[in-house]
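Just so it is clear, none of the values below were taken in a lab; they were calculated from the coordinates. Everything numeric here is computed off the predicted structure, so don't read it as measured data. Using ideal geometry, Cβ is built from the backbone for each residue, glycine included, and neighbour counts are taken over all protein chains shown.
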Amino acid sequence: MSIEPNTAPLGKREARKQDRRQAIVAAARRSFLEDGYAATSMSGLLSELGGSKATLWSYFRSKEELFAAVIEDVTSEFRAELEGGLLASADLETTLFSFCRRFIQKTAQPDAVAAWRLIAGESGRFPELGAIFYERAAMRVEQALAGYLRGQISAGCLRDEDPVDMAQMLLGLCTTQHNRRLWGISPDAPDTTERDARRFTGYFLRLFATSAG
């Protein structure tokens, strides 16, 4: 007899706590992305959300911890889609092309651009922001791609070089247009996502692919 997984609904109290936490994260997300890190305060969030400081601090012990939750919220779907694509059973070129296309598409979304601008603009004064963003978002994508490339090296499809360096190079190519968006320069030409993803995949494979790949 199989044992069914525990799918019992949350109790009312736990559900209320989760709803409250998500409401705090949603309010903080708007404030961080629209007003910046320095201009966002726990007191300001309380004026929007209501409740007591003690309640707010029971969910998040610091503004840095709240910012980390916002970064998780902004990037979770993005990371899941990219990492899921690397697990698909497709050939090397198809998988890399799909990864590059998704990465370019996702980083062009308004919240993604706003988050990157926030980090670039304020991490000089608040170095912890850069560390949080790297650990919660950028590093995870980099590690997932490096892990995939490591498997392709083991399979003989890619040259035996440092997969982290290889991942960083491919991600660097994929941020070409993204950097222009951060500077407020929108491309005048039609969307080039498909073309760029194909080009970057080709550059990468010409550098690292073996005859087996």
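For the reader, a short list of remarks on this structure follows.
- Considering only 191, 73, 160, the Gaussian network model of the chain with Cα springs below 10 Å gives its largest mean-square fluctuation to 191.
- Summary value for the chain: 22 percent relative contact order, contacts being C-alpha pairs under 8 angstrom separated by 6+ residues.
- Length added when fully stretched, residue 155-residue 47, from 0.36 nm per residue minus Cα-Cα: 33.2 nm
- Mean-square fluctuations from a GNM of the chain, with a 10 angstrom spring cutoff on Cα atoms, peak among 40, 55, 201 at 55.
- The calculated FRET efficiency for the pair residue 131 and residue 108, based on their C-beta separation and a Förster distance of 30 Å, comes to about 0.75.
- Stretching residue 117 away from residue 55 to a fully extended chain increases their span by 19.3 nm, per 0.36 nm per residue minus the current alpha-carbon distance.
- Furthest towards positive pole of dipole, 201, 84, 118, structure part the stretch 64-208, Cβ charges: 201
- Normalised convex hull volume, the chain, alpha-carbon set, Å³ per residue: 173 Å³
- With the helix formula -39500 (n - 2.57) applied to DSSP H stretches of n ≥ 4, the chain reaches a computed 222 nm mean residue ellipticity of -22500 deg cm²/dmol.
- Tail weight of P(r) past 18 Å, computed on alpha-carbon pairs of the stretch 120-194, percent: 58 percent
- Phi to ³J(HN,Hα) by Karplus 6.51 cos²θ - 1.76 cosθ + 1.60 over the stretch 79-94, Hz, x for Gly, Pro: 5, 4, 5, 5, 5, x, x, 6, 8, 5, 8, 10, 6, 4, 4, 4
- Relative to the longest principal axis of the Cα atoms of the chain, helix 110-122 runs at roughly 80 degrees.
- A simple spin-label model places the labels of residue 15 and residue 162 5.1 nm from each other, with each point 7 Å out along Cα-to-Cβ.
- Two-site FRET efficiency, residue 81 against residue 206, from Cβ-Cβ distance with R₀ of 35 Å, rounded to 0.05: 0.85
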